[in-house]
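Each remark here refers to the structure printed beneath this line.
Derivation of every value follows stated rules applied to the coordinates shown; laboratory data play no part. Being a predicted model, the structure only gives us computed values, none of them experimental. Positions of Cβ are backbone-derived with ideal geometry, glycine not excepted, and every protein chain shown enters the neighbour counts.
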Amino acid sequence: MRNFITIEGCEGVGKTYQTKLLRQYCEERGLNVVFTREPGGSDIAEQIRRIILDANNNDMDDLCEAFLYAASRIQHLKDIVKPALEAGKAVICDRYVDSSYVYQGLGRGLGLEKIVRLNQIAVGEYMPEFTIFLDLSPEFAFKRKGGADQNDRMEAVGYDFHLKVYEGYKSLIAADPSRFEVIDASGTKEQTQAKLREVLARRGIFK
Ligand code: TYD
């Protein structure tokens, strides 16, 4: 879908920080770009996010979790993404279907095919024009961050899970390289930000 861009990456890659800087850059220049994130991003979707990420919900069934991510995605598309695209704006979304493919399909082991099917139902034609992958191995990311935040259900799952997620992203990229822009995120924050801006400028998003 034209002008719909998603950003993906493993925990601790600096995605939130980089997206915040990008947003400031766009605001200062009056660029017509909407920044949003998943899970959540709109009122009802944020309520679903709280259920998914609540550390008290450790007994949540993996498939239930996959459906909740998809449910949050449907609502967020309706509330934020579709209206913005229809108004001619670009949308940059922090996480989208690829997160479900790798976290639920591969990390949790539900199987990629099942999660792809579920998400086809959820998003229909609303697939990103391209996806930026901030590339940093979990080993590097965990060291940089100084360990996981145990209060967050997703972040408490441990290193092996994140390694599966990272390898999952790599296999998605290998299977469909033209849909991804891979950015090496192992340098300084400034270097990563410069690379992000270069990609978005080259792709015609900063008009
Ligand atoms: P968040 O605190 O927003 O993490 P991050 O800054 O790393 O994006 O929490 C989002 C968590 O939800 C993150 O661990 C990835 C996970 N997630 C999935 O497992 N499946 C999904 O479809 C999405 C969108 C996120």
Output the peptides 185-194, 55-64, 3-12, 163-172 sorted from most to least packed, where packing is the average of other Cβ atoms within 10 Å over each peptide's residues. 3-12, 163-172, 185-194, 55-64
For the chain (alpha-carbon point model, no solvent) the Debye-based log₁₀ I(q)/I(0) at q = 0.07, 0.10, 0.12, 0.17 Å⁻¹ works out to -0.19, -0.40, -0.59, -1.28
How large is the charge dipole for region 73-141, taken about the Cα centre, if only the Cβ atoms of Lys, Arg (+1) and Asp, Glu (-1) carry charge, to the nearest 20 debye? 300
Report, for the chain, the % of DSSP beta bridges that are antiparallel, rounded to 5. 0
Give me SER72, SER178, SER42 ranked fewest to most by other Cβ atoms within 10 Å of their Cβ, as a rough exposure proxy. SER178, SER42, SER72
What size of dipole, in debye to the nearest 20, comes out for region 43-177 about its Cα centre when the only charges are +1 on Lys and Arg C-beta atoms and -1 on Asp and Glu C-beta atoms? 120
